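Structure first, commentary second.
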Amino acid sequence: MGLTNRSVGIKAVDSGLVIQKQNPSDKVVALAGNPNVGKSTVFNGLTGLNQHTGNWPGKTVTNAQGYCSTKKRSYVMVDIPGTYSLMAHSAEEEVARNFICFGDPDAVVVVCDATCLERNLNLVLQTIEISSRVVVCVNLMDEAKRKNIKINLPLLSARLGVPVVGTAARKKKSLSILTDALDKICSDTIQLSPFRIQYDDAIEAAIDWLEPIVREKCGGKLNSRWLSLKLLDQDESLISEINAYLGDEFLKDNELQNKIKEARAGLRERGIENQDQIKDLTVSALVHSAELICDGVISYENPKYAASDRRLDKILTSRLTGYPVMLALLALIFWLTITGANYPSQLISNFLFRIQDKLMELFIRINAPEWLSGALVMGVYRVVAWVVSVMLPPMAIFFPLFTLLEDAGYLPRVAYNLDKPFKKCKACGKQALCMCMGFGCNAAGIIGCRIIDSPRERLLAILTNNFVPCNGRFPTLIAILTMFFVGTAGGAFSSLFSALLLTAVIVLGICITFAVTKILSRTLLKGIPSSFTLELPPYRKPQIGKVIVRSVFDRTLFVLGRAAAVAAPAGLIIWLMANITIGDMSILNHCASFLDPFARLMGLDGVILIAFILGFPANEIVIPIVIMAYMAQGSILELGTLAQMKELFIQNGWTWVTAISTMLFSLNHWPCSTTLLTIKKETGSWKWTAAAAAIPTAIGIVICILFTTVARIFI
């Protein structure tokens with residue numbers, strides 16, 4: 001049966017319990033699953049939305065809501081965070097658990113990975129304990145076929161007692177069987193008999209003792225057998241949610257409390273003394289049930305189907321080769337970005353500045369005042385044009401390359417490799433994933449920190465994400481490296497050498513990240529590092545066309561739009577400062593002169609420092625502001641070649657010490673305005689937002705002063 005998409009955007013569900021129906025008759029369907037089973041791909045295929053997907057765990061960090069309809073019904077699809085279990089151990093797992101347990105969905109689709117089905121059944125079994133209206137979607141059937149794994153879906157459905165369908169969500173047509181199953185399961189006439197987990201005899205006796213009164217007191221709002229088990233377990237976070245859902249009076253009921261005490265006494269008589277023992281026995285029953293169900297359902301023509309993945313992992317995650325491979329791939333990405341961005345950047349620049357000339361002609365034709373044309377065209381438009389021409393080509397190359405590594409399954413290996421050094425800093429290995437995202441845009445990296453469960457470790461990742469230079473700082477770093485350390489003549493190896501030097505600068509930023517993380521862990525953010533489960537996904541052939549389109553629209557244009565929005569008012573301010581004079585100097589030069597003594601201590605000059613300050617909205621405009629101030633022009637401009645730029649800088653006192661100091665401060669200074677606003681939104685605190693700006697700036701000042709002092713001693 002076909003399906004149609006009826007949504008034009010994603011509705012983020014903050015609490016996981018707020019649903020917006022387009023029609024009162026819409027059925028609410030929760031889309032659940034382990035991390036990295038293609039759940040968001042299923043969601044996109046059903047709703048037509050573009051929830052970002054990737055081949056690493058933890059992509060969905062909030063609930064997303066979309067709509068689809070069949071010939072029979074219309075559905076509200078809710079993509080909840082990936083979770084391995086409903087016995088939640090993290091914030092995102094709690095969101096998933098709360099929606100399934102207390103969000104009152106009309107049905108739950110549990111998406112499983114066909115290549116590791118038995119492990120995924122843990123979540124399926126817990127879900128059918130809560131709701132009988134469950135559809136098991138065995139996804140990635142194409143990968144299972146490629147690995148010669150066969151699954152008897154009818155037999156699996158018979159054993160589970162709920163519908164089971166096989167899909168390959170990357171092929172949207174395969175999802176029609178899932179919507180057919182949803183139509184059937186949402187029918188009022190269907191009768192289901194889900195598999196019932198058999199627990200230890202002592203636990204079963206305790207459940208039987210509690211269940212009658214639980215059924216009476218909860219009024220059928222929750223599955224009484226499941227609720228009885230959880231009242232025995234007494235998980236604090238779950239109990240608070242039960243209180244919120246059923247009301248405080250439910251757990252305060254004296255009769256119920258007496259029954260719970262009696263049930264626990266019965267468990268103690270049988271040697272089950274505490275919650276941990278109950279949980280262990282519960283998990284054991286789940287694992288045993290999954291084994292029984294899968295026996296005879298799954299067959300492997302080649303038992304060594306994952307051998308090639310393991311061989312590759314020995315190279316990519318080895319202590320000996322893992323780090324060199326990471327650095328080599330990083331250098332390769334930078335080289336491709338640097339080499340590929342030059343020509344399109346020049347084309348875009350020429351095109352946009354031709355439009356600028358036409359705009360100036362228009363203002364002259366209508367006799368507009370010079371100050372108006374200067375402010376709007378030479379100020380606002382010129383800065384935005386510069387940001388677009390400088391940012392768009394590198395991002396259009398960098399983001400797809402980064403996404404290809406993500407889609408292939410390499411990024412979780414990076415997190416695995418960096419988990420140990422982050423642990424030594426009392427942080428979380430998942431911070432490596434956020435750090436990688438920061439290469440493209442620090443604001444995106446900050447948002448990515450949501451995948452870190454611990455609030456303390458999430459804050460550590462947020463405060464240190466800026467030490468990885470974003471795409472906006474690459475032009476400054478590349479230009480200085482090329483002018484002063486590679487050579488401006490070009491040649492076959494020029495861009496490669498630039499990429500290697502840029503990689504070395506990046507490694508320095510990563511080392512500073514580790515150092516600052518460790519210092520913060522011992523001072524402001526003391527704590528014990530939490531453990532986390534990171535499932536290494538199978539290597540997959542990236543969908544190159546889809547990756548390019550998604551990365552351009554979801555990342556490149558999104559980041560570019562935000563940068564242009566803050567660059568426009570910055571352009572007006574810069575133009576005003578450059579054109580309003582006090583005495584014989586512009587305000588811009590007055591500010592530069594005022595800052596010059598302090599800047600000299602850092603190996604800079606006042607012009608460079610004021611350029612960084614005015615580049616707060618967008619780091620891309622730092623070098624143009626420096627050029628403008630040196631040439632005493634009234635608008636932001638660009639020199640024709642790097643050789644001309646180098647000559648201008650040398651005429652204004654630049655040396656190799658100035659060049660290195662400028663790169664060090666570019667690597668370590670306050671985040672851009674977009675990133676700071678993102679930090680404020682993610683932390684909800686101006687205090688931590690200020691700290692995120694002050695920490696890298698203070699470190700940048702100290703490093704620059706130390707380097708300059710040492711350099712002057714030995715020169």
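The values are calculated or read from the model by the stated rules, or taken from the named source; none is laboratory data. Here the structure is a predicted model, which means the values were calculated and not measured. Ideal geometry is used to build each Cβ from the backbone, glycine not excepted, and the neighbour counts take in all protein chains shown.
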Exactly one of Ala368, Ala415 is outside any helix (DSSP H, G or I), farther than 23 Å from Ala479 by Cβ and aliphatic (A, V, I, L, M), and that residue is Ala368
Of the residues in segment 658-715, those that are surrounded by 22 or more Cβ atoms within 10 Å (Cβ to Cβ) and without any contact (Cβ under 8 Å) to a residue 12 or more places away in the chain come to none
Are any of the residues in segment 130-150 loosely packed, with under 15 Cβ neighbours inside 10 Å, within 16 Å of Cys294 (Cβ to Cβ) and not polar (S, T, N, Q)?
yes
With the requirement that a residue be modelled with pLDDT of 85 or more, β-branched (Val, Ile, Thr) and out of contact with any Pro (no Cβ under 9 Å at 6 or more places or on another chain), what does segment 432-475 give you?
Ile462, Val468
For segment 208-219, check the following and say yes or no: at least one residue is crowded, with 21+ Cβ neighbours inside 10 Å and of a type in the set (A, V, I, L, M, F, W, C).
yes
Hits in segment 639-657 (condition: without any contact (Cβ under 8 Å) to a residue 24 or more places away in the chain and touching a helix residue (DSSP H, G or I) at 6+ places or on another chain (Cβ under 7 Å))
Leu639, Leu648
With respect to Ser228, is the statement that it is free of Cβ contacts under 8 Å to residues at least 12 places away in the same chain and within 42 Å of the chain's Cα centre (by Cα) true?
no
Inspect segment 227-247 for any residue being at pLDDT 85 or above, in contact with a Phe, Trp or Tyr (Cβ under 9 Å, 6 or more places away or on another chain), under 30 Å from Ser157 (Cβ atoms) and not assigned by TED's automatic domain parsing to the domain that holds Pro154 and give the result as yes or no.
yes
Residues of segment 223-257 satisfying the condition of being among the acidic types (Asp, Glu) and either over 26 Å from Phe195 (Cβ atoms) or exposed (fewer than 14 other Cβ atoms within 10 Å of the Cβ) (or both)
Glu236, Asp248, Glu249, Asp253, Glu255
Please determine whether any residue of segment 478-485 is under 23 Å from the mean Cα position of the chain (by Cα) and modelled with pLDDT of 85 or more.
no
Of all residues in segment 149-202, how many are out of contact with any Phe, Trp or Tyr (no Cβ under 9 Å at 6 or more places or on another chain) and closer than 29 Å to Leu232 by Cα?
11
Listed by range, helices (runs of 4 or more DSSP H) wholly within segment 76-151 having at least 2 residues that are farther than 21 Å from Ser284 by Cα and among the charged types (D, E, K, R) are 91-102, 141-146
Scan segment 318-326 and give yes if some residue there is over 30 Å from Ala114 (Cβ atoms), at pLDDT below 85 and not in a loop (DSSP other than H, G, I, E, B), otherwise no.
no
Selection from segment 583-615 of residues that are part of a loop (DSSP other than H, G, I, E, B) and either buried (at least 19 other Cβ atoms within 10 Å of the Cβ) or modelled with pLDDT of 90 or more (or both)
Met602, Gly603, Leu604, Asp605, Gly615
Result of the Cβ filter at 9 Å on segment 239-262, keeping first residues that are without any contact (Cβ under 8 Å) to a residue 12 or more places away in the chain and partners that are assigned to a helix (DSSP H, G or I) and hydrophobic (A, V, I, L, M, F, W, C), at least 6 apart or interchain, is Asn243/Phe250; Asn243/Leu251; Gln257/Leu251
Determine, yes or no, whether Ile177 is under 16 Å from Leu31 (Cα atoms) and more than 29 Å from the chain's Cα centre (by Cα).
yes
Tell me which residues, restricted to segment 22-44, are modelled with pLDDT under 85, of a type in the set (Gly, Ala, Ser) and within 18 Å of Asn120 (Cα to Cα).
Gly38, Ser40
